[in-house]
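Trainee: First the structure, which I've put down as structure tokens, then a few questions once you've had a look.
The values are calculated or read from the model by the stated rules, or taken from the named source; none is laboratory data. A quick note: this is a predicted structure, and the numbers were derived from the prediction, not measured. Cβ coordinates were reconstructed from backbone atoms using ideal geometry, including for glycine residues, and neighbour counts include every protein chain displayed. The accessibility values were calculated without ligands, DNA or RNA, using every heavy atom of the protein model including side chains. Shrake-Rupley method; radii C 1.70, N 1.55, O 1.52, S 1.80 Å.
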Amino acid sequence: MLVTELVKKINFNDSCVNELICANGTVILDIDLCMWKQREYQDGDPELKEVILKFLNSTRYNWDSEKTEKDIDYDSIVDITYKESIVKIVLEDEDVSILTFECSEVQIDWIVSSHE
């Protein structure tokens, strides 16, 4: 999927990041996505769903924060934007962290939990 489609289709606001990994040109985010903020959400559906986002062929990775990526502990997504091939993800915990990288394609893996 193109990143432009992802940011139009999914509302990431207030969703929480469990883990961030950058390896071999792929930026991987493990997110608890707020399903209740999505257009297709209906009463009775799970309110959160674990999602793994894999931004493929990523370059120009930059992590701007007082803490390291390994210190992410359920940081909330404040904003995700995509402009001129640059993904910008703003996270908030006690402080604000900003992740930017260049990318055009993303893969989404929806994790199925045993209680669904």
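Trainee: Under 10 Å, Cα contacts only: if you run a Gaussian network model on the chain, which one of D71, D79, D30 comes out with the highest mean-square fluctuation?
Mentor: Checking each option, the largest mean-square fluctuation is seen for D71.
Trainee: Number of Lys pairs in the chain with C-alpha atoms less than 23 angstrom apart, excluding same-chain neighbours closer than eight positions?
Mentor: 22
Trainee: Taking only protein heavy atoms into account and a 1.4 Å probe, give the accessible area per residue of the chain in Å². Write down the numbers at each step before the final one.
Mentor: Numbers: 7080 Å² over 116 residues.
About 61 Å² of surface per residue is accessible.
Trainee: List the relative contact order of the chain as a percent without decimals, with contacts defined as Cα pairs under 8 Å and 6+ residues apart.
Mentor: Details: 255 pairs, mean separation 35.1, N = 116.
Averaging sequence separation for qualifying contacts and normalising by length gives 30 percent for the chain.
Trainee: I'd like the per residue volume of the convex hull spanned by the Cα atoms of region 1-60, given in cubic angstrom. Walk me through the numbers before you get to the answer.
Mentor: On the way: hull volume 5.3 nm³, N = 60.
Considering the Cα atoms of region 1-60, their hull volume per residue is 89 Å³.
Trainee: Considering only the chain, what is the antiparallel percent among its DSSP beta bridges, to the nearest 5? Numbers along the way, then the final one.
Mentor: Details: 42 of 42 bridges.
Antiparallel bridges: around 100 percent, rounded to the nearest 5.
Trainee: Please work out whether region 45-113 counts as rounded, prolate or oblate from its C-alpha gyration tensor, where a ≥ b ≥ c are the square roots of the eigenvalues and a/c under 1.5 means rounded, while otherwise a/b larger than b/c means prolate and anything else oblate? Intermediate values should be presented prior to the final figure.
Mentor: Values: a/c = 1.87, a/b = 1.11, b/c = 1.68.
Verdict is oblate for region 45-113.
Trainee: Oh, and also: What residue among V51, T26, C103 has its Cα farthest toward the positive end of the dipole of the chain, where the charges are +1 on Lys, Arg and -1 on Asp, Glu, each on the Cβ?
Mentor: C103
Trainee: To continue, here is another question. Applying a 10 Å radius around every beta-carbon, put 8-18, 40-50 in order of their mean neighbour count, most first.
Mentor: Values: 8-18: 16.7, 40-50: 11.1.
Packing proxy ranking, top to bottom: 8-18, 40-50.
Trainee: Determine the dipole magnitude for the chain: charges of +1 sit on the beta-carbon of Lys and Arg, -1 on that of Asp and Glu, nothing else is charged, the reference point is the Cα centre, and the result goes in debye to the nearest 20.
Mentor: 620 debye
Trainee: Here's another thing I want to ask about it. Quick one: among I52, I21, I72, which has the greatest mean-square fluctuation in a GNM of the chain with alpha-carbon springs under 10 angstrom?
Mentor: Taking springs between Cα atoms under 10 Å, the residue moving most is I21.
Trainee: Kirkwood Rh, the chain, all Cα pairs: how many Å? Spell out each step's value before the answer.
Mentor: Details: mean 1/r = 0.0690 Å⁻¹.
Computed over the chain, the radius equals 14.5 Å.
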